[in-house]
Structures are given as structure tokens and as C-alpha cells.
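What follows draws every value from the coordinates through simple rules; no lab data is involved. What you see is a predicted model, and the numbers here were worked out from it, not measured in a lab. Reconstructed Cβ throughout: ideal geometry from the backbone, glycine too, with neighbour counts over all protein chains shown.
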Amino acid sequence: MTDLYAVVGNPIGHSKSPRIHLEFAAETKQDLFYKAILVPLDGFDTEAKRFFKHGGLGMNITVPFKEDAYRFADEYTPRAQRAQAVNTLKRLDDGRLLADNTDGAGLVRDITVNNNIALKDKRILLLGAGGAVRGVLQPLLAEQPNCIVIANRTVNKAEQLAEDFADLGKVSGLGFADVDEPFDVIINATSASLSGELPPLNPSIISPETVCYDMMYGNSATVFNQWATEQGAKLTIDGLGMLVEQAAEAFFLWRGVRPSTAHLMKTLRDERR
Ligand code: ATR
């Protein structure tokens, strides 16, 4: 029987995950099927039970079910435990479910490997303090940056996150207005881009050496990346690479084979033009 995998979310119609994983499977000659499942907002547990009972081997989880998946799992990788949010479940041989969060590893790999930018000793500014930021903090801190500043509209959420991760490195939480020095790397993880909005940022956070990364992606530059370019940032990168790399990391967890990502990423970028 063909091994079965799926991505669950709501909405899920535009998910690129089935396409990405089926291309990984073809490239690595793995016999598997991967489908997208639209799950009602209160239906994660029901769907997950059904899916794994019927032989599903692994599941990706996207908005808004990452915390539900965290509660549902039996065992955790350290990074999933830290993130308290899960984008990948794997059924182990004994039937228990192992939870991982590959978002941060995908982000770090896209920055450091695909774009050849070392994070060690860099000053990093993270914009936002929601689940997306919690999901990437541990892998970012593992790169040993000089510091990470978390800036958020709701300041106490940034402060709380900084406190939660303080044992892993130098992290602080501030409001947008309190951040006005240039950073080496700025990562936008607010959901403001979704509604075409820009957080109230000081232009002085960008120098000609600053690299800006938006976790979002679209058919054209995101509002944040447009703004960063206008302020003279050295380079802007969008989240398409993170999407492909987090998928590759999940595929590796499931199958023990690491697919190559460069060709697929180029194809997806070319299709947007
Ligand atoms: P996600 O899982 O994508 O991180 P989330 O947990 O709802 O989603 O977090 C959304 C983040 O985007 C938060 O940091 C939110 O700021 P608040 O904590 O103050 O709500 C931020 N955000 C959303 N819309 C924003 C906007 N228009 N300007 C600035 N920040 C915004």
C-alpha cells in the first residue's frame, strides 16, 4: 500500500505542500501519496484520529491548528517542545505520534545555506511575537547570534517571549517605537503583511548592510520588503524558500532522505513571473 501523508489547515485550498512533497517523493524515488485536507475549525482532533487510524504515516499542520497538534502529540522534539506549536507529526512504529516544528530550521536553512548569510554574531530583529516567532526562536538562537530583539505592537507579548527563551541566548522584547538602531538581519513575522499593512517601524533600523526577510510571500514583493528596499536595505528575501525548506525538513523526518530543494524553488519562483 502507498504510504499516506497529508497537510491539514483552514483554509487549505492554496497550499503548495502537496505539490512540494510529491515533487520531493518523485525526486527521491519514494512511493507515497500526499493530500490536502480542509478541517473545520473545531475539528482537528477528530481528523487527526481518523487519519492516523486509517494508516496515515505523517501530517503537516498549518494555520490555525499548530497549537492543537501540539496538544494532540505523544512525544516532542526539543524544538517543538520549545515552540509549543507543531507543523509536523510522524507516526512511530509503536503508533505513538512524534511532534516536530520544522519552521525555524527551514528559515535558518534558507538564510544561511540558500542565501549564504551567516547568523553567528549578527544582531537580529524579529518583528512580531505570535506563534510564528515562537516557532523559530530556538533554531535562530542555536546559530549564536550576537543578540535577538523581539519588537511587537503588544509589548508585553514580546517581553514574555524574551523571558521564555532567555536561557538560550541574549533576547529582549520591546515595542516598535523603542527600536531605532540598525540591525544586521530583520525578520518580519507579523501577520500585518496579510492585510497589506506595515508595522510602525523606524527607518533607522535599516542600514545599507541590513538583510530583510519576510516570512510571507506572494506573487510580488511583500509590503515589508518593498518598504525595506525603499529604505536602502542590502537584500530582501521572501518566505518561499522557508516554505520549501520546512517541507524538506519534514520529509527528512518522515523518510530519512533529504530531498534537494534548489530546482523546485527555482520552478516555483519562475511560475510567479
Ligand atoms: P502567527 O501565528 O502568524 O504568529 P499570531 O500568533 O496571531 O499569528 O501573531 C500575529 C502577530 O502579528 C502578532 O505579533 C501581532 O501583534 P500583536 O501581538 O500586537 O497582536 C502582529 N500583527 C498583526 N497585525 C499587525 C499590524 N497591523 N501591525 C503590527 N503587528 C501586527
Angle in degrees between helix 240-255 and the longest Cα principal axis of the chain, rounded to the nearest 10: 40 degrees
Trypsin sites (Lys or Arg not before Pro) restricted to DSSP loop in region 95-165 with at most 10 other C-beta within 10 Å: Lys120
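Below 8 Å, C-alpha to C-alpha, sequence gap of six or more: please give me the relative contact order for the chain in percent. Walk me through the numbers on the way to the answer.
Values: 549 pairs, mean separation 41.2, N = 273.
Reported relative contact order: 15 percent.
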Choice from Ala105, Ala80, Ala142 showing the highest fluctuation, given a GNM over the chain with Cα pairs closer than 10 Å: Ala142
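Taking 30 Å as R0, compute the FRET efficiency from the Cβ-Cβ separation of Lys16 and Asp178 and round it to 0.05. Walk me through the intermediate numbers first.
On the way: r = 37 Å, r/R0 = 1.22.
That pair, Lys16 with Asp178, gives E of 0.25.
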Computed [θ] at 222 nm, deg cm²/dmol, the chain (DSSP H ≥ 4; -39,500 (n - 2.57); rounded to nearest 500): -10500 deg cm²/dmol
Gln81-Asn146 pseudo-label distance in nm [points 7 Å out on the Cα-to-Cβ vector]: 3.2 nm
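Please compute the Kirkwood hydrodynamic radius of region 104-238 from all pairs of different C-alpha atoms, in Å with one decimal. It would help to have the intermediate numbers written out before the result.
Numbers: mean 1/r = 0.0689 Å⁻¹.
This gives a value of 14.5 Å.
Among the trypsin sites (Lys or Arg not before Pro) in region 1-83, which ones are in a DSSP loop with at most 11 other Cβ atoms within 10 Å of the Cβ? Mind listing them? Intermediate values should be presented prior to the final figure.
Details: sites: Lys16, Arg19, Lys29, Lys35, Lys49, Arg50, Lys53, Lys66, Arg71, Arg79, Arg82; in loops: Lys16, Lys29.
Passing both the DSSP loop test and the Cβ count: Lys29.
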Inter-label distance for Asp74 and Thr267, nm, one decimal - labels placed 7 Å from Cα along Cα-to-Cβ: 3.5 nm
Spin-label pair Lys29/Phe252, simplified geometry with 7 Å Cα→Cβ offset, distance in nm: 2.1 nm
